[in-house]
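Scroll down for the structure; my scribbles are underneath it.
The values are calculated or read from the model by the stated rules, or taken from the named source; none is laboratory data. Keep in mind it's a predicted model, so treat the numbers as computed, not measured. FYI the Cβ positions are ideal-geometry reconstructions off the backbone, even for glycines, and counts take in every protein chain you see.
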Amino acid sequence: MEKHVEKYVEEFMDRMVAKNPGEKEFHQAVREVVESLAPYILDNPVLMKMKILERIVEPERIVMFRVPWINDKGEVEINKGYRIQCNSAIGPYKGGIRFHSSVNLSILKFLAFEQTFKNSLTTLPMGGGKGGSDFSPRGKSDNEVMRFCQSFMTELARHIGQDTDVPAGDIGVGARALGYMFGQYKRLRNEFTGTLTGKGAEWGGSPLRPEATGYGTCYFAQEMLATRSTSLDGKIVAVSGSGNVAQFAVQKATQLGARVVTLSDSNGYIYDPDGIDAEKLAYVFELKNIFRGRIREYADKYPNAKYVADQRPWSVKCDIALPCATQNEVSGKEAATLVGNGCICVAEGANMPSTPEAIAVFQKARILYAPGKAANAGGVATSGLEMTQNSMRLKWAPEEVDARLHSIMRDIHAACTKYGTEEDGYINYVKGANIAGFIKVANAMLAHGVV
Ligand code: NDP
């Protein structure tokens, strides 16, 4: 990095960290974006003068609230609830809701910030937002999850709406929680609108929304691999996580001819050298989505697979890695192991799963590496398509949604290539995604004046 660019980045980060103390995930996400954008901003004095970057890192609004509820023993429990309305320059706030014990302000601010760029990249008119709670659904009964969701939505309902802010699912928020939240929203507002996306197929959901993040990640990986004249066909793939994104990434990668050999959760990973085929994946769907079991049970069911406790799957030899669990789940050391084992492509299904050290390792080795804001944008893009269908009171065929998803992922890849190709021909997807996502939002903010 040139000296004057480095000076701009460090001074910007010093001010930003001082204003947002202790929010380390948010600092990490902002630094990555500022490092990519600094040369572009310095070349465009109007962006400096209008303080576009300073405004983008300040959420337009943060709502924090108490979520009281009663557990099955009749005891009162209290959780924290949040909605970060980060940026509405190009459309209503849009982004998922996360229920996980680790949720805090820093994590949700990083996610809402990333979402702003991701949503811009999708080519659809959606601003950036994110929300959630430190409530953990793990081990809770259906009734407890329902009572929590109703209490959470009772407050959230007054801050969202189909033209204001449209939440969706994320970690810990799948079909069950979305159903309970939509039911309560509908009851409170006395209206049936598309205010939440990821809805059930029979009550306003888009075909392919559950599949979209995992499928989109694989479509994006195909585009990346095509730049090196290869594809997923015949490749060995390591996937982390075993939730929504991981499950459908396994399904699509397998359909495209790959052999997926790992899945994980926060307790460990399974390695199945024979590959997780359609029949085994059907078992995973049942295990995780109906019985809410743990991934170690896979190794009991399929004895050829082994379970490794307290570790992540990155020491397994693979051609392609798809991290689909959570943030900061690939360390610099693990990235070096992946590269050393011959991994040629990393496409992020999760948000910010690679640490800055891991990204540096991938880029230095010149392997294909795409950040979540580009590679996993298929999920929110299909949420955007759900909003369109809800507004039209129509439902498209799955083939139509799949074709649109595919074409959006191709467009995002083209945008990354346009802004991220370096002098030696290497595509820096981080730079490409950040600049392409930023330009549209920045132009809208310039047009809207100082608001
Ligand atoms: P799910 O809740 O369905 O699954 C999450 C998976 O990740 C589970 O296997 C979970 O294991 C694991 N996990 C969660 N936290 C941790 C942790 N701290 N350490 C290790 N493993 C962990 O969530 P999704 O599949 O929806 O989301 C996965 C990732 O994809 C997230 O980063 C999310 O932000 C991102 N994403 C999701 C989209 C979507 O459409 N759902 C869209 C775009 C991005 P355990 O059961 O042990 O917690």
Fill in: Among the residues listed as 317, 306, the single one being at pLDDT 95 or above, in contact with a Cys (Cβ under 9 Å, 6 or more places away or on another chain) and within 15 Å of residue 272 (Cα to Cα)
317
Worksheet item: What are the residues in the stretch 264-287 that are within 13 Å of the ligand (Cβ to nearest atom) and either among the aromatic types (Phe, Trp, Tyr) or crowded, with 18+ Cβ neighbours inside 10 Å (or both), if any?
Response: 264, 265, 269, 270, 284, 285
Worksheet item: Does any residue in the stretch 214-225 that is under 9 Å from residue 249 (Cβ atoms) come within less than 7 Å, Cβ to Cβ, of a residue that is in a helix (DSSP H, G or I) and aromatic (Phe, Trp, Tyr) six or more places away or on a different chain, and which pairs are these?
Response: 214/248; 215/248
Worksheet item: Across the stretch 59-76, which residue is nearest to residue 134 (Cα to Cα) among those that are surrounded by fewer than 16 Cβ atoms within 10 Å (Cβ to Cβ) and among the charged types (D, E, K, R)?
Response: 66
Practice prompt. State whether one or more residues within the stretch 173-185 are under 21 Å from residue 353 (Cβ atoms) and either within 16 Å of the ligand (Cβ to nearest atom) or surrounded by 22 or more Cβ atoms within 10 Å (Cβ to Cβ) (or both).
Written response: yes
Worksheet item: residue 380: within 16 Å of the ligand (Cβ to nearest atom), surrounded by fewer than 24 Cβ atoms within 10 Å (Cβ to Cβ) and part of a helix (DSSP H, G or I), yes or no?
Response: no
Fill in: Residues being within 16 Å of residue 235 (Cβ to Cβ) and either in a loop (DSSP other than H, G, I, E, B) or without any contact (Cβ under 8 Å) to a residue 60 or more places away in the chain (or both) - total across the stretch 350-368
1
Discussion item. Any residue at all in the stretch 187-198 that's under 22 Å from the mean Cα position of the chain (by Cα), more than 14 Å from the ligand (Cβ to nearest atom) and either outside the structural domain of residue 305 (by TED's automatic domain parsing) or more than 18 Å from residue 349 (Cα to Cα) (or both)?
Written reply: yes
Response to the item:
Of the residues in the stretch 317-349, those that are in a loop (DSSP other than H, G, I, E, B) and within 16 Å of the ligand (Cβ to nearest atom) number 10
Worksheet item: Pairs, please: C-beta under 7 Å, at least 6 apart or cross-chain, first residue over 17 Å from residue 194 (Cα atoms) and touching a residue at least 40 places away in the same chain (Cβ under 8 Å) and in the stretch 120-131, second assigned to a loop (DSSP other than H, G, I, E, B) and small (Gly, Ala, Ser)?
Response: 121/377; 122/377
Item to complete: Considering (1) more than 13 Å from the ligand (Cβ to nearest atom); (2) of a type outside the set (Phe, Trp, Tyr); (3) in contact (Cβ under 8 Å) with a residue 24 or more places away in the chain, say which one residue 290 fails and leave the rest.
Response: (3)
